[in-house]
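Quick notes on the structure that follows.
The values are calculated or read from the model by the stated rules, or taken from the named source; none is laboratory data. Keep in mind that what you see is a predicted model, and the values were worked out from it rather than measured. Cβ: placed from backbone, ideal geometry, glycine included. Neighbour counts: every protein chain shown. Protein only, heavy atoms only, side chains kept; ligands, DNA and RNA dropped before computing areas. Shrake-Rupley method; radii C 1.70, N 1.55, O 1.52, S 1.80 Å.
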Number of protein chains: 2
Amino acid sequence: MYLIHVIGTAGSGKTSIVKVMLDWLEDHEMSAIAVNLDPAVEVIPYSPHFDIRKYVNYVSLLEEGLGPNGAFIKSVDLMLKYVDKIKESIEEAASNYVLIDTPGQMELFAFRKSTFELVKRLNELGKAVMLYILDPSLFVSEGKIDAFSFVSAILLGVSVKIRFKLPMIFAINKVDLLDDYVVELISSWLGDLSTIPFGSEEYAPLVQSLVNAIEEAGGLGETLFVSALAEIGIDDLYAAIQRIVAGGEDYATEEPSARL
Amino acid sequence: MYLIHVIGTAGSGKTSIVKVMLDWLEDHEMSAIAVNLDPAVEVIPYSPHFDIRKYVNYVSLLEEGLGPNGAFIKSVDLMLKYVDKIKESIEEAASNYVLIDTPGQMELFAFRKSTFELVKRLNELGKAVMLYILDPSLFVSEGKIDAFSFVSAILLGVSVKIRFKLPMIFAINKVDLLDDYVVELISSWLGDLSTIPFGSEEYAPLVQSLVNAIEEAGGLGETLFVSALAEIGIDDLYAAIQRIVAGGEDYATEEPSARL
């Protein structure tokens, strides 16, 4: 069983990616389920096999009198209480691919003690990978790329990767909205972060040193462009997941086992 | 005029720090104000000179039918519309110290295009510094420090620092809850991140390479321990701010000018 934790900042498109991935896997006759772990999501465009809102609901906590921020923290922390139920439900499905949709705010999933424990417990079920969805609006504006903001978004992912000690796929979403030359430039940067030009600004040496460090340690690993909306790059995404969890073997070799 | 952007993950204690800093500055007869930029905060324990909730309110957006996540994004993005009002209000106060309290979820403040622009515009008013409040519960559990999670929390701060290109103070909050030996160990790590032991785990080379990179580029800069609740370390915090914004001159030299 492969667990794919889909993370990313608010608005990056996690839920849409889960939807298109689920459709893609089903279209290719693979056994896949999606699990919703966002207690505050309103509309889910796919049918979740497990939905945390059945047990923990942000809006109910608000109505009970918690403030908006407090209710967010509380709802996310409460999820750990139901980890056995979540695991049982996933096991019962006996699917090969488990797509895990995470809270709208990545921080609540990545930087809380409770969710750290939750992820660790879920990963007992199988091989896990993190799929980090990057929103290009964080570093591309009017056709220009801000190199510092780009590295900042990459570092945010790396900080999550080393916290969970899991392999990570860096997927830049909404590629359909980017100019070709922007995609080409980002693509070459992703290939070797140390080639990014930072000019002579005050923090250039720090940023240069950090990207060199990532390259020295083997680079970012799997990086790609996708568009959930335009359904671009989903087969590449599948291939990247396979390279990590199944050592590159494609679905032909692992299906039709009911359980990996 | 000095702007101090107080950031940190949900629950790290930003608002409490703003309160004790404001009290401390006023107790020392310094001219200071606090600005609330969290549209979703329920209770503010200090009197904000400017309160964004007068213009943008998370709960109202919820009531208008936006989902919980959507309302968060919308409320934070809407703040930019009022940047001139915020700036006017700050200018009118003509205070030396402007403490800026930011949204509960740091991600909304640090990794949105709108807030990036907002911070840039606010910083036209004076010298700015980021005060990053770290919650030790992210990396200390039952008296043990998780070295990977510790570096992860540091990297999260660094990713914000390079995005905004601002000097950053790393303040570990809730020190009153930590054992002495934990404080000592973290303290020595902060002094030289490259001395942290990471063992021989898979991601150890990456983490080692990253902390070496930070040290090569001059280290983290100002780091300290505080407790908002127990009011520990607030004078150290003031001193750290002074070293960055005023080159080390203490308040005696800069007061009582009404405006710096």
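A few comments on the model shown:
- Taken per residue, the accessible surface of the protein assembly as shown reaches 38 Å², heavy atoms only and a 1.4 Å probe.
- Gyration tensor (alpha-carbon) shape descriptor, the range A:157-234, a/c threshold 1.5: oblate
- Helical mean residue ellipticity (222 nm; -39500 (n - 2.57) per DSSP H run of 4+; nearest 500) of chain A: -13500 deg cm²/dmol
- Cleavage-rule hits (GluC sites (Glu not before Pro)) in the range A:110-207: DSSP loop, at most 14 neighbouring Cβ within 10 angstrom: A:E142, A:E201, A:E202
- Backbone N under 20 Å from the B:D235 label point (7 Å along Cα→Cβ), restricted to the range B:4-26: B:17-26
- Mean separation of Cα contacts under 8 Å (6+ apart) over length of chain A, as relative contact order %: 24 percent
- DSSP bridge analysis restricted to the range B:1-147 gives an antiparallel fraction near 10%, rounded to the nearest 5.
- Each other copy places its own label point for A:D176 at 5.4 nm from this one, sorted shortest first, where the point lies 7 Å along the Cα-to-beta carbon line.
- Three-way shape label, the range A:69-117, alpha-carbon gyration tensor, a/c 1.5: prolate
- Per-q log10 I(q)/I(0), chain A, q = 0.09, 0.11, 0.13, 0.16 Å⁻¹ (Debye; single scatterer per alpha-carbon; no solvent): -0.41, -0.61, -0.85, -1.23
- Dipole magnitude for the range A:1-109: about 260 debye, using +1 per Lys or Arg Cβ and -1 per Asp or Glu Cβ, origin at the Cα centre.
- Label separation (B:E201 vs A:K87): 1.9 nm, computed from points 7 Å beyond Cα along the C-beta direction.
- For the protein assembly as shown, DSSP calls about 10 percent of its internal beta bridges antiparallel.
- Along the axis of the charge dipole computed for the range B:3-48 (Cβ charges of +1 for Lys and Arg, -1 for Asp and Glu, origin at the Cα centre), the listed residues B:P48, B:L37, B:V20 are led at the positive end by B:L37.
- Kirkwood-based Rg to Rh ratio, the protein assembly as shown, C-alpha trace: 0.96
- In this assembly of identical copies, the label point of B:S60 (Cα plus 7 Å along Cα-to-Cβ) is separated from its counterparts by 3.0 nm, sorted shortest first.
- Length-normalised contact order of the range B:83-161 in % [C-alpha pairs under 8 Å, at least 6 apart]: 23 percent
- Alpha carbon centroid spacing (whole Å) that separates the range B:26-104 from the range B:120-164: 21 Å
- Cβ-based charge dipole, the range B:149-255, positive-most Cα from B:I241, B:G219, B:L229: B:G219
- About the centre of its Cα atoms, the protein assembly as shown shows a dipole size close to 480 debye [charges on the beta carbon of Lys, Arg (+1) and Asp, Glu (-1) only; nearest 20 debye].
- Taking 0.36 nm per residue of sequence separation and removing the Cα-Cα distance, the A:E117/A:S47 pair yields an extension gain of 22.6 nm.
- Cα-centre dipole for chain B with unit charges at Cβ (Lys and Arg positive, Asp and Glu negative), debye to 20: 1140 debye
- Sorted from closest to farthest, the other copies place their B:N212 label points 1.1 nm away, with each point set 7 Å from Cα along Cα→Cβ.
- Mean partner shielding of peptide A:215-222, defined as the number of other chain Cβ atoms within 10 Å of each residue Cβ, is 3.
- Pairs from the list A:K144/B:K113; A:K54/A:K74; A:K19/A:K74; B:K54/B:K120; A:K87/A:K165 with a Cα-Cα gap above 18 Å: A:K19/A:K74; B:K54/B:K120; A:K87/A:K165.
- Annotation: the antiparallel percentage among DSSP beta bridges lying fully within chain A is about 10.
- Percent carbon-and-sulfur accessible area, the range A:99-156, ignoring ligands, DNA and RNA, probe 1.4 Å: 49 percent
- Oblate is the label for the range B:35-90, because the ratio a/c of its alpha-carbon gyration tensor axes (a ≥ b ≥ c) is 1.5 or higher and a/b is not greater than b/c.
- When you restrict to C-alpha pairs under 8 Å that are six or more residues apart and normalise by the size of the range A:72-213, the relative contact order lands at 21 percent.
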